[in-house]
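Comments concern the structure below.
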Amino acid sequence: MASNSNASQTFTCALTGLTPLTDAVVTPSGYICSRKLLLTKLSENGGMDPFDTSRTLDESTLVDLTSSNSAVAPPRPPTATSLPSLLTQISTEFDTVLLELYDTRKSLEETRRELSSALYQNDAAVRVVARLVRERDEARGALEEFLAKGGVAPPTAASAATDGGEGAKRSEKRAAPVEEDAPPSSKKPRSNNDAAVGEDLSKIPQDTLNTMTSTWEILSKNRRTIAKKSKRSKEQIAKQDKLLAEKLNGEEKKVNLGKSTAKAGVLCVAKISTSCHLNGVRGDEYIVSGGHDKQAIVYNVTSGQIVATLSGAGGDVTAVSGMVVTDKVMLIGTGSSDGLVRLYSVPIASGGDDEVQLLGSEQLGKGEGVVPVSVVVHFSSTVESATVIVGGSDGSVNVFKFSESRFKLITYLKSEDGINFSSGCIHPDGLIYAAGTTTGKLLIYDLKTQAVAGTLEGHDGSPINCISVSENGYHVATSSSGDSPIHIWDLRKLKLSATITPPSDVGTVASLAFDPMGLYLAYSGEESTKVCVVKDWDRVVSSLSKTKTGTKGNNAQAAPTCGGVVWGGKGLEEDGGKVWIAAGCDGEKPIRFWGVE
């Protein structure tokens, strides 16, 4: 008896967590419980197993863990006023509380799950309502603007039938002066090819916007593909980090572009992209650079030859962009310190300056000292119709159009008074333009609505000198001419997600670039170039050789400038794709290449 009693003390009830004294039993599902508590629970839930609700439980299926030889006589029935009666009542109430506690804990877990689901649904509903409210406000604003310009609603069929069409004629007469009396704020003076009287420059023309939107649909699919490939395992990350270091840490290649007598200094470098309308056909790779020599040089990285020299600028070439639009022609856009924006057509098959065509040039502002801080040949451009987006130092976003042998300004978006731009960059989808200001703000323009979608503040008020958007479209990296670190912004949440403090051997960062797969970020300063891992920003996988920047002699700059850094190649794949980096520097004639044979 003693041994059996002692053995029973080692059991723990699955319902209460206490030790059953004399009535321990085992259920078919393998749980040990107090018989009395278990039978009470079965009477409450209709005979269902409390541990496995898919099966029923009967008292006959319980296995008794106490000794079957117990000869203890049952107690006598207690009276209402006896001490045993009180103890029995307290014990019963205690068991009831334990069962209720078990049910309460179970209900609490279910309530927590329901609350989590409800909060998620509420958050989604709030986002949908916010989007609908924004679209409603935009529609109201567009209607008010239309009515303010003298627009009228079309006549109904009943009124047209009543007055014999006279109402429609009167409407046309009232609407006609709208083109003659366009708002002065929408007119942007230019040196030539002035906008037609009444032309609204505050909106992108619908035909151009439709073309940009159709291109966006193609590019967004490609971006989603890149986003999927950017998800890597730890083994893949280690393998690709090692492969990248092997490709970039080899011997660098220096290429002198331009004349030997030209003034030293590369101010801008850009990788010439390939149009998405070429069905993924990839040929040779090209870059275009500009500098103090007032020329833009197109260089074939694959063959190692200069394709074209684009001259005619009246000042330093400070912004360049290019796109291969056919298998024979590429379009090159340039911006120079004289405030002129130029668009060239450059043949690919056969070089020669006499074959290059200047498609058009336009002045930013009207002799007001406005200079382009960024030039982008839009991804929707073709040989017949090209779109060029230019950020102006006066805080303007300018959209130029080449069509029917004419290059003209079609859209002029001006930021708030007192805001000046210092840099700019286009999103890989082609419908978002990021502009950096001289006060450290980053403005995100939605080209579809021609409005500012968000304003991000950082860099302690110092000018933003470079912007780069990752190929998957998620991250935006910005650098400043001040001492603030590199800022990494989350474009989906419009907030700062990380900062990078460059090592001391880099200096002031003035150029940034993400690799073709959005896995790595390269940043260059007046001392060297580093390559870090996306989302593990402080981990540097490659340190490229020391560079020299800043003009020489009496013209030495207080703040040296890196002339730009770009990636090339297909990106790192499982089979080891080709990848290279090129960087130019103010004060040096050659462009340095890493990973190029």
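The values are calculated or read from the model by the stated rules, or taken from the named source; none is laboratory data. Given the structure is predicted, the values throughout are model-derived calculations rather than measurements. With ideal geometry, Cβ positions are generated from the backbone for all residues, glycine too; neighbour counts draw on all protein chains shown. Protein only, heavy atoms only, side chains kept; ligands, DNA and RNA dropped before computing areas. Shrake-Rupley method; radii C 1.70, N 1.55, O 1.52, S 1.80 Å.
With +1 on the Cβ of every Lys and Arg and -1 on the Cβ of every Asp and Glu, and nothing else charged, how large is the dipole of the range 425-508 about its Cα centre, in debye rounded to the nearest 20?
With Lys and Arg at +1 and Asp and Glu at -1, about 260 debye.
Starting at the first residue of the range 210-216, write each ³J(HN,Hα) from the Karplus equation 6.51 cos²θ - 1.76 cosθ + 1.60 with θ = phi - 60°, in whole Hz, x for Gly and Pro.
With the stated coefficients, the range 210-216 comes to 4, 5, 5, 5, 5, 5, 4 Hz.
Give me a comma-separated list of calculated 3J(HN,Hα) values for the range 483-499, in order, Karplus coefficients 6.51, -1.76, 1.60 applied at θ = phi - 60°, integers in Hz, x for any Gly or Pro.
Taking θ as phi minus 60°, the curve returns 8, 6, x, 5, 9, 10, 9, 8, 6, 6, 9, 6, 8, 6, 9, 6, 10 Hz for the range 483-499.
Over the range 293-414, give the accessible area per residue in Å² for a 1.4 Å probe, as an integer.
About 34 Å² of surface per residue is accessible.
So who's got an amide H within less than 5 Å of the one on ILE272, skipping anything under 5 residues away but keeping other chains? H placed 1.01 Å off N, in plane.
Close amide H contacts, sequence-distant or interchain: TYR286, ILE287, VAL288.
Kindly flag which residue pairs out of LYS221/LYS441; LYS253/LYS578; LYS221/LYS535; LYS401/LYS441 have an alpha-carbon separation exceeding 20 Å in this structure.
Those over the limit are LYS221/LYS441; LYS221/LYS535; LYS401/LYS441.
So, by mean Cβ neighbours within 10 angstrom, what's the order for 376-387, 284-295 with the highest one leading?
For the peptides 376-387, 284-295, the packing ranking is 284-295, 376-387.
Under 5 Å between amide hydrogens, which residues at least 5 positions from VAL329 or on another chain qualify, with H placed 1.01 Å from N in the peptide plane?
Amide H neighbours of VAL329: ILE348.
Which whole-Hz couplings ³J(HN,Hα) result when phi for each residue of the range 283-293 is put into the Karplus expression 6.51 cos²θ - 1.76 cosθ + 1.60, θ = phi - 60°, listed in order with x for Gly and Pro?
Values per residue, Gly and Pro as x: x, 5, 9, 9, 10, 10, 10, x, x, 5, 7 Hz.
Label the range 412-559 by shape, choosing from rounded, prolate and oblate, from the square roots a ≥ b ≥ c of the eigenvalues of the Cα gyration tensor; if a/c is under 1.5 it is rounded, and otherwise prolate applies when a/b is larger than b/c, oblate when it is not.
In terms of gyration-tensor shape, oblate.
Taking amide H positions as placed in the peptide plane 1.01 Å from N, state which residues far from ASP23 in sequence (5 or more) or on other chains have amide H under 5 Å from it.
ARG35
Go ahead and run the numbers for FRET between ARG112 and ARG406, Cβ-Cβ distance against an R0 of 45 Å, rounding to 0.05.
Efficiency, from the Cβ-Cβ distance: 0.10.
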